[in-house]
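Step one of this worksheet: look at the structure below.
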Amino acid sequence: MRPMPKEDVYRRLADHLSKLGMGYPPSETLEEILKECFTPEEAELALALPTQVAPLQLTKADEIARGVDLPREELERKLEDLSRRGLLFSGRTEDGLKGYALQQVGFGFPQTFFWKGQQTPEAQRMAELVAKYFNRHVTQEAYAPAPTKAYRYIPVGKSIEPQLQAVYPYHTMEYVIDRAEVIAVAHCPCRMVYRMRGRSCDHPLEVCIKFDDLAEYVIDKGLARAISKDEALDIIVRCEEAGLVHFVDNAQGQIKHNCNCCGCACWNVGNIRRRKIPRDVIMATYFIRETEQDECTGCGLCAEVCPVDAVRMEDDLPQVDLQWCIGCGVCVAQCPTGAARLEPRPDRIDQPMPADFRELHSKILKEKGLG
């Protein structure tokens, strides 16, 4: 049999990665990224790791070995090297053995290139390729197929009334942080790419928070640093003061990460702000902005701070575009009179949210026909 050309392995790997739960839409630019990251032999090894699985779901080396023709020691060495370089996720399985997984969109790809916050020539090259790859068409294709969204926005702390917090405690960052066992903080990949491409964003950089097994991975690989719960809460306060949006997994428990997003650099909030991708295609939004008109003084501050430009002033009163409002609460926290408030989104708030990360991604896999 005639051997396949080495270039073909990258096309096969791109197709392989498209079948992940949070998969990569294939394209020539994706193949270019893969060529930058994997040798042909490493790409063949990556093809032996399973798809149709949830993010961070580990596979033991014994199982991977069935799909490759490599001595066991060499296989383990290559897997560890790929993990060290941020190209595979790794951790301990439930029985304590080392396991590996392909990086999935939003859970390591393309974030591992930028979490360290280093502007190396390699990071610069990847910034250009990632910006070229993740155009609005690719982003929409990555998020659109499943009705259940992988991520949601958590309103800023001061924007939800105490009685609502009592009913929906999982819609607060304090709840998420309190339930984490291990926490790490990394640099924001969106802002890193934005700055390396010569664009201006003055929002804080080291604000990308990871929890539990994802936190253990980024700490172990030197991609982030371990922090305490108090430091995590301090970061959240600093992000709220900067007008950033809290972005987490769309589940009540087992949250793996929290991004703190801006409208200028963020790959998701930015697409909504620029009206490139509809809000509900990208994210789950459980709250919506309302206004007590009698209490509003028409100061216009809410229109100035809205991360997605969903508020405009007409006749000295704010008008909210409910099709684009993301219910982040940034405007509510800034309102000097209390006229702005968040209310549960009527068509979403009573829909059952997945109980945990595993249930969330099991549902997404089934909706995509992969589970």
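The values are calculated or read from the model by the stated rules, or taken from the named source; none is laboratory data. Fair warning: this is a prediction, and the values are worked out from it, not measured in the lab. Quick reminder, even Gly has a Cβ in these numbers, built from the backbone with ideal geometry, and neighbours come from all protein chains shown.
Key figures
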item: Elements of type helices (runs of 4 or more DSSP H) contained in the stretch 32-99, each with 2 or more residues being polar (S, T, N, Q) and in contact with a strand residue (DSSP E or B) (Cβ under 7 Å, 6 or more places away or on another chain); result: none
item: Failed condition for residue 81, given (1) at pLDDT below 95; (2) more than 21 Å from residue 192 (Cα to Cα); result: (1)
item: From 114, 89, 109, residue being touching a Pro at 6+ places or on another chain (Cβ under 6 Å) and buried (at least 16 other Cβ atoms within 10 Å of the Cβ); result: 114
item: Residue 232 vs. criteria part of a helix (DSSP H, G or I), out of contact with any helix residue (DSSP H, G or I) (no Cβ under 7 Å at 6 or more places or on another chain) and among the small types (Gly, Ala, Ser); result: no
item: Inter-residue pairs, beta-carbon under 6 Å, first within 15 Å of residue 286 (Cβ to Cβ) and in the stretch 350-371, second hydrophobic (A, V, I, L, M, F, W, C), 6+ apart; result: 354/251; 354/360; 360/251
item: Where residue 243 falls short, out of the listed (1) surrounded by 22 or more Cβ atoms within 10 Å (Cβ to Cβ); (2) within 30 Å of residue 55 (Cβ to Cβ); result: (1)
item: Selection count where residues are at pLDDT 90 or above and either among the β-branched types (Val, Ile, Thr) or surrounded by fewer than 16 Cβ atoms within 10 Å (Cβ to Cβ) (or both), scope the stretch 322-348; result: 9
item: Residue under evaluation residue 136, criteria (1) within 28 Å of residue 365 (Cα to Cα); (2) surrounded by 15 or more Cβ atoms within 10 Å (Cβ to Cβ); (3) in contact (Cβ under 8 Å) with a residue 24 or more places away in the chain, criterion not met; result: (2)
item: Qualifying position, being in contact with a Leu (Cβ under 7 Å, 6 or more places away or on another chain) and surrounded by 21 or more Cβ atoms within 10 Å (Cβ to Cβ), among 289, 279; result: 289
item: Failed condition for residue 120, given (1) surrounded by fewer than 16 Cβ atoms within 10 Å (Cβ to Cβ); (2) β-branched (Val, Ile, Thr); (3) in contact with a helix residue (DSSP H, G or I) (Cβ under 6 Å, 6 or more places away or on another chain); result: (3)
item: Criterion (touching a Gly at 6+ places or on another chain (Cβ under 6 Å), at pLDDT below 95 and not assigned by TED's automatic domain parsing to the domain that holds residue 146) met by exactly one of 65, 54; result: 54
item: Pair list, Cβ < 6 Å and 6+ apart or interchain, from the stretch 237-256 residues that are in a strand (DSSP E or B) to residues that are of a type in the set (A, V, I, L, M); result: 245/269; 246/154; 246/173; 248/154; 248/255; 249/255
item: Residue count for the stretch 58-95, restricted to those that are among the polar types (S, T, N, Q), without any contact (Cβ under 8 Å) to a residue 60 or more places away in the chain and closer than 18 Å to residue 20 by Cα; result: 1
item: Residue check, residue 351 under 23 Å from the mean Cα position of the chain (by Cα), among the polar types (S, T, N, Q), modelled with pLDDT under 95 and over 21 Å from residue 257 (Cβ atoms); result: yes
